[in-house]
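To start, the structure under review is shown below, and the notes come after it.
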Amino acid sequence: MSLLLKKERNLLLNSVIIAIIFAFAGVIVGFYAKSQTIIFDGLYSLISVLLSFISLSALNFMSKKDHKNYPYGKDAVEPLVIILKYSFILIFIIGSIISSTLIILNGGKIVNLDISLIYSSFSTILCLFMYILFKIKSKKINSGLLNAETSQWAFDTIASLSVLITFSAVFFMEKYNLFTFLVPYVDPTLVIILSLFFAKVPIAFIKSSLKEVLFMAPEKNISTDVENIIFKIEKKYMLKESFLRVSKIRKTLWVELDFVVDNNSKIYSIQDQDLIRKEISQKIDSLKHETWLTVSFTLDRKWAL
């Protein structure tokens with residue numbers, strides 16, 4: 001296992017351990033304080049923890065080389081795991097919205113503000129610390145799993161801060177007898193708002209991961225950079241035409257390139273073809289991606305289509 005993979009695994013493991021403590025604390029405190037919002041926060045974290053174990057298992061699986069059974073590598077495992085993880089979270093979010101809507105229709109719910117304020121203050125500090133830590137570390141390790149974990153802690157921070165602000169507002173509403181008729185509806189309404197806000201993360205990650213699983217084109221800037229490299233090569237060697245296919249899975253940029261040559265092309269031997277391949281490889285490597293490169297040359301256009 002490479003050093004980067006070990007660091008990635010250790011970070012995910014630390015995240016899992018802290019999230020387990022945070023999740024169980026949230027569920028216990030939520031039931032004691034009778035707060036649907038804190039229960040939601042705790043259960044969301046608990047589900048995330050269970051799914052983080054899948055991420056760790058996937059990372060261990062990907063770290064073991066098996067070229068016989070996986071000749072093209074195991075990069076596709078990562079987007080598949082992310083799709084699975086966030087599909088479960090999305091289902092939980094939908095369930096929470098339905099549950100909170102029913103509570104509102106039944107007259108709302110009163111929470112224990114003292115306990116809720118203490119817990120939300122602690123959770124905000126903890127989540128912010130974890131987000132900053134993962135943000136720093138994920139810049140050094142290019143990983144979809146770490147990016148997903150960073151986003152998860154970011155939204156946990158926002159959620160905890162929102163809960164803290166809302167419960168603080170309820171505290172002042174009760175203290176100064178302001179709009180007290182709204183108090184029972186604050187907690188379930190906040191769950192619905194947070195659920196809708198949280199839904200952005202799973203939808204975004206599922207969408208981007210599906211693009212990778214389906215071998216769709218990568219981000220526009222990556223495609224443009226590769227296209228510019230190939231355009232210059234085509235002009236330099238007077239190649240008649242080129243067909244470029246680019247996709248990206250995890251850290252690997254897949255580039256399939258077919259050149260159509262004619263009598264004017266500056267290619268006279270297999271050695272010339274290899275020199276062009278080497279030049280393309282060096283230029284694409286400068287884009288800071290692991291690359292799987294295939295370059296073909298043909299006189300007949302039909303073999304390039």
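What follows draws every value from the coordinates through simple rules; no lab data is involved. What you see is a predicted model, and the numbers here were worked out from it, not measured in a lab. Reconstructed Cβ throughout: ideal geometry from the backbone, glycine too, with neighbour counts over all protein chains shown.
Here's how it looks for Phe297: its modeled amide H is under 5 Å from those of Phe259, which are all 5 or more places away or on a different chain.
Around Lys248, which amide H atoms from residues at least 5 apart in sequence, or from another chain, sit under 5 Å from its own amide H, with H modelled in the peptide plane? For Lys248, whose amide H was placed from the backbone, the distant partners under 5 Å are Trp254. Of all beta bridges that DSSP places with both ends in region 210-305, some 50 percent have antiparallel geometry. Here is the list for region 53-93: trypsin sites (Lys or Arg not before Pro) lying in DSSP coil, each with at most 12 other C-beta atoms within 10 angstrom of its C-beta, are Lys64, Lys65, Lys68. Using a Förster distance of 41 angstrom, determine the FRET efficiency expected from the C-beta separation of Ile193 and Ile222, and round it to 0.05. That gives a FRET efficiency of 0.70. Span-like helix check, the chain: qualifying full DSSP H segments, with Cα axial length of 18 Å or more and mean Kyte-Doolittle of -0.5 or more, are 3-33, 36-63, 77-105, 113-140, 144-175, 183-198, 200-213.
Report note on the peptides 32-45, 112-125, 89-102: ranked by the mean count of other C-beta atoms within 10 Å, highest first, their order is 32-45, 112-125, 89-102. Of the chymotrypsin sites (Phe, Trp or Tyr not before Pro) found in region 220-274, the ones in coil according to DSSP and having at most 13 other Cβ atoms within 10 Å of their Cβ are Tyr268. For the chain, the antiparallel share of DSSP beta bridges with both residues in that region comes to about 50%. With θ taken as phi - 60° and the Karplus curve 6.51 cos²θ - 1.76 cosθ + 1.60 applied, the whole-hertz 3J(HN,Hα) list for region 254-265 is 9, 10, 10, 10, 10, 9, 9, 10, 9, 5, 8, 5 Hz, x standing for glycine and proline.
Spacing of the modelled spin labels on Ile28 and Ser269, each 7 Å from Cα toward Cβ, amounts to 7.6 nm. Using the Cβ of Ser45 as centre and a radius below 15 Å, the other residues enclosed give a net charge of -2, where K and R count +1 and D and E count -1. Between Lys302 and Phe215, residue separation times 0.36 nm minus the direct Cα-Cα distance comes to 29.1 nm. The value of relative contact order for the chain, using C-alpha pairs under 8 Å at least six residues apart, is 18 percent.
Here the contact order of region 1-109, divided by its residue count and restricted to Cα pairs under 8 Å and six or more residues apart, works out to 25 percent.
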